[in-house]
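Colleague: To start, I am sharing the structure in question, which I have written as structure tokens.
Quick note: the coordinates plus some simple rules give every number you see, no bench work behind them. Just so you know, these numbers come straight off a predicted model, no measurement behind them. Neighbour counts are summed over all protein chains in view; Cβ atoms, including those assigned to glycine, are modelled from backbone coordinates with ideal geometry.
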């Protein structure tokens, strides 16, 4: 499932893999997806960097954390799985 639009801080519109559009999906009904492949793009969804896009450089399954480098920044961040999700948006987005 892919989030298509955010209607409010706690509801969104989603599209299923089969193409169905679901409106009014609550945040508590969703779970973030952490990419399996290093180098994948992720979006931070919690905390002070929410909305920023970066590159996942590694993951620690035992601690449920990923290492992320945000766009245009040199420092690395360790974030919990729940704080990031796979980013499928345009690669040239300046929304971060």
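Colleague: How big is region 20-71 by Rg and Dmax over its Cα atoms, in Å?
Modeller: 12.9, 35
Colleague: Relative contact order of the chain: what whole-number percent is it, with Cα pairs under 8 angstrom and at least 6 residues apart? It would help to have the intermediate numbers written out before the result.
Modeller: Working: 173 pairs, mean separation 20.3, N = 96.
21 percent.
Colleague: Please report how far the C-alpha centroid of region 12-40 lies from that of region 54-82, rounded to the nearest whole angstrom.
Modeller: 20 Å
Colleague: Quick one: 77, 29, 56, 1, fewest Cβ neighbours within 10 Å first, how do they rank? Walk me through the intermediate numbers first.
Modeller: Numbers: 77 19, 29 11, 56 22, 1 14.
Listing 77, 29, 56, 1 from fewest to most nearby Cβ atoms yields 29, 1, 77, 56.
Colleague: Sticking with this structure for a sec: Counting other beta carbons within 10 Å of each residue's own, what order do 71, 41, 59 fall into, fewest first? Don't jump to the answer; show the numbers that get you there.
Modeller: Numbers: 71 12, 41 17, 59 20.
In order of increasing Cβ crowding within 10 Å: 71, 41, 59.
Colleague: Follow-up question, since we're still on this one. Scattering from the C-alpha atoms of the chain alone, worked out with Debye: what is log10 I(q)/I(0) at q = 0.11, 0.18, 0.25 1/Å?
Modeller: The calculated log intensity ratios at q = 0.11, 0.18, 0.25 Å⁻¹ are -0.33, -0.86, -1.37.
Colleague: Okay, moving on. When the label point is put 7 Å from the Cα of residue 82 along its Cα-to-beta-carbon vector, which residues of region 33-47 have a backbone N closer than 18 Å?
Modeller: Within reach of a label on residue 82: 33-35, 43-47.
Colleague: Once both labels are modelled 7 Å past Cα along the beta-carbon direction, what's the residue 15-residue 62 spacing in nm?
Modeller: Each label point lies 7 Å from its Cα, and together they span 4.1 nm.
Colleague: Compute a Gaussian network model of the chain, connecting alpha carbons closer than 10 Å, and tell me which residue from 54, 19, 39 fluctuates the most.
Modeller: Maximum among the listed residues: 19.
Colleague: Once both labels are modelled 7 Å past Cα along the beta-carbon direction, what's the residue 40-residue 75 spacing in nm?
Modeller: Distance between label points: 2.6 nm.
Colleague: Determine which residues of region 22-43 fall in the zone a paramagnetic label at residue 91 would reach in this model, i.e. backbone nitrogen under 19 Å from the point 7 Å along Cα→Cβ.
Modeller: The answer is 35-43, whose backbone nitrogens lie closer than 19 Å to the label point.
Colleague: Quick check: from the Cα gyration tensor, does region 41-86 come out rounded (a/c under 1.5), prolate or oblate?
Modeller: Working: a/c = 1.80, a/b = 1.28, b/c = 1.40.
Cα axes put region 41-86 in the oblate bin.
Colleague: Kindly put 64, 40 in sequence by how many other C-beta atoms sit within 10 Å of each C-beta, fewest to most.
Modeller: On the way: 64 12, 40 15.
Result, fewest neighbours first: 64, 40.
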